[in-house]
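Working notes, structure below.
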Amino acid sequence: MSPPVFIFVGHSNSGKTTFIEQLIPELTRRGLRVATIKHAHHKVHLDTEGKDSWRYKNAGAALSMLVTTNALQLVADADAQREPAQLAKRFLGEADIVLAEGFSHAPGPKIEILRRALGKPPRCEIGDGLIAIATDCPEIYPELPHFTLDSHETLADFLLQHTART
């Protein structure tokens, strides 16, 4: 069974990472195992050339995992299943909830982080799966639930209520 996935969207420098970073402790305080998925728009090297796990992937392994005494790292082929819900189902089965950042065009429930200071319109529309907005712009999408940019506790309540309804 896949954990519920919520996608946080917004323009660059809107505060998505900071918002999620501050939401995680609120969810973990409630006993949830939180997983995150971050979409990078640029190429990132996930493995070090010449190291064993790199050598395994280079030899053709679809998945390579490095396990240490206190952590693990998985490097997997990025096949066609790159949407947050598909990734959560494939890799994050132990999580109770998944918070994804970016993925503006992926299907799934979205929460937009929008700051007036950026001077940009919303990145997503309601038809894109937008279910709530964390903003200092109360006039944007008044039909959606609004949260302040520091309302992590009430947004956690909203996410859990949304999960219970679906």
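Just a few scattered comments:
- The range 29-166 - percent of accessible surface contributed by carbon and sulfur, probe 1.4 Å: 53 percent
- Two numbers describe the Cα atoms of the chain: Rg and Dmax, which are 17.4, 55 Å.
- For Thr163 and His105, the FRET efficiency from 1/(1 + (r/R0)^6), where r spans their Cβ atoms and R0 equals 22 Å, is about 0.45.
- Trypsin sites (Lys or Arg not before Pro), loop per DSSP, at most 15 other Cβ atoms within 10 Å - longest free stretch of the chain: 83-166
- A crude spin-label estimate for the pair Glu125 and Thr154, with each label 7 Å from Cα along the Cβ direction, gives 2.8 nm.
- Accessible surface, the chain, averaged per residue in Å² (probe 1.4 Å): 61 Å²
- Its Cα centre serving as origin, the chain has a Cβ charge dipole (Lys and Arg +1, Asp and Glu -1) of approximately 340 debye.
- Here the spin labels are modelled as points 7 Å beyond Cα on the Cα-Cβ line, and at Ala71 and Gln22 they lie 2.5 nm apart.
The values are calculated or read from the model by the stated rules, or taken from the named source; none is laboratory data. Quick caveat, the model's predicted, so the values are computed rather than measured. FYI the Cβ positions are ideal-geometry reconstructions off the backbone, even for glycines, and counts take in every protein chain you see. Surface areas here come from the heavy atoms of the whole protein model, side chains and all, with no ligands, DNA or RNA. Shrake-Rupley method; radii C 1.70, N 1.55, O 1.52, S 1.80 Å.
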